[in-house]
Every structure is written in C-alpha cells, then in structure tokens.
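Heads up, the thing below is written out as structure tokens.
The values are calculated or read from the model by the stated rules, or taken from the named source; none is laboratory data. The structure displayed is predicted, hence computed values, not measured ones. Cβ placement follows ideal geometry from the backbone for every residue including glycine, while neighbour counts extend to all protein chains displayed.
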Amino acid sequence: MNVIIWALFFVVIFGTGALSGVLAVAFRSIGFVSKLLAEGIEEIDAGQVEAIRAMGGSPLDVVIYGIVPQIKPAFVGVATYRWDINVREATVIGFVGAGGIGVYLDTSINFFQWSNVLTILIAILGIVIISEVVSAYLRKKVS
C-alpha cells in the first residue's frame with residue numbers, strides 16, 4: 001500500500017501532525033524491509049548454519065554467527081535504500097496533513113510565498129543529497 005494511503009489512514013485516526021506521518025512511514029518501511037530480509041535469509045548458505053549446530057551452538061549462536069553475518073550486507077543495502085525512500089516520502093506525506101516539511105511547503109505554496117517555497121525546496125534538495133552521500137558511503141563500507 002502506498003505511503004499516502006497509510007498517511008490518510010493515520011490522519012483520520014490521529015488527526016493531522018507528525019504522529020500520523022511517522023506511523024505511515026514506519027508501517028510502510030517495516031513491511032518492505034521485513035519482506036526483503038526474509039528473502040535474504042532464505043538465500044543464505046545453509047552450510048554455515050549446519051556447522052554451528054554441529055559444533056553444539058545454541059539457536060542464538062546460529063543466528064548471531066551463522067545468519068547475521070550473511071545477511072548484513074543485504075540489511076545495510078535494504079536499510080539505506082528504504083531510508084532514501086523515506087526521506088523523499090516525508091515531503092510528500094506532508095501534503096495530506098501528515099506532518100513534516102511537506103506541510104510547510106504546501107502552506108507556502110497556498111499563500112504564494114515563493115521565497116519560502118524556494119528555501120524549502122533547497123532544504124529538501126540538500127537533505128536528499130546528504131542522504132545519497134551517506135547511503136553510498138555505507139554501501140561501499142559494507143560491500
């Protein structure tokens with residue numbers, strides 16, 4: 001389900017504001033990340049998991065030493081990708097009353113305050129660029 005639908009749903013329940021926006025982005029992100037990580041776990045090398053079990057490792061040891069190291073690159077990739085998406089969605093959901101910088105952008109557009117609109121758009125562009133740089137750095141670091 002699209003984040004705008006979630007935002008509208010939570011705006012109806014909790015009213016306008018940041019809580020609705022946070023919940024909309026969280027619900028959308030949890031499902032997305034969970035699905036991709038579940039697929040990543042399905043594709044791990046079972047040999048490492050079996051080796052830890054054969055050595056007498058507990059189920060927690062299997063997770064910590066057999067599964068987590070294999071899905072760590074996938075997790076970082078999915079998490080940074082989702083973070084990138086969330087930064088962009090945070091602007092859009094403000095237009096439906098779910099808080100964030102999108103509310104200020106919508107208000108400035110409605111009152112024809114073009115200097116404020118420009119400032120907000122430059123801030124959004126700056127945040128997106130910083131997000132891209134951090135995301136690229138994290139992907140290089142893990143790969």
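A few points about this structure:
- Inside the stretch 86-131, residues that are part of a loop (DSSP other than H, G, I, E, B) and either among the aliphatic types (A, V, I, L, M) or crowded, with 19+ Cβ neighbours inside 10 Å (or both) make up a count of 4.
- Elements of type helices (runs of 4 or more DSSP H) contained in the stretch 1-59, each with 2 or more residues being within 23 Å of residue 88 (Cβ to Cβ) and of a type in the set (Gly, Ala, Ser): 18-42
- Taking residues in the stretch 72-96 that are over 15 Å from residue 25 (Cβ atoms) and small (Gly, Ala, Ser), and partners anywhere that are at pLDDT 85 or above and surrounded by 17 or more Cβ atoms within 10 Å (Cβ to Cβ), the pairs with Cβ atoms closer than 6 Å and at least 6 places apart or on different chains are 74/40.
- Residue match in the stretch 96-109 (condition: at pLDDT 90 or above and either within 29 Å of residue 142 (Cβ to Cβ) or of a type in the set (Gly, Ala, Ser) (or both)): yes
- Matching residues in the stretch 90-143 - criterion: being closer than 15 Å to residue 4 by Cα and either among the aromatic types (Phe, Trp, Tyr) or in contact with a Pro (Cβ under 7 Å, 6 or more places away or on another chain) (or both): 95
- The stretch 16-43, subset polar (S, T, N, Q) and surrounded by 15 or more Cβ atoms within 10 Å (Cβ to Cβ), residue nearest to residue 82 (Cα to Cα): 29
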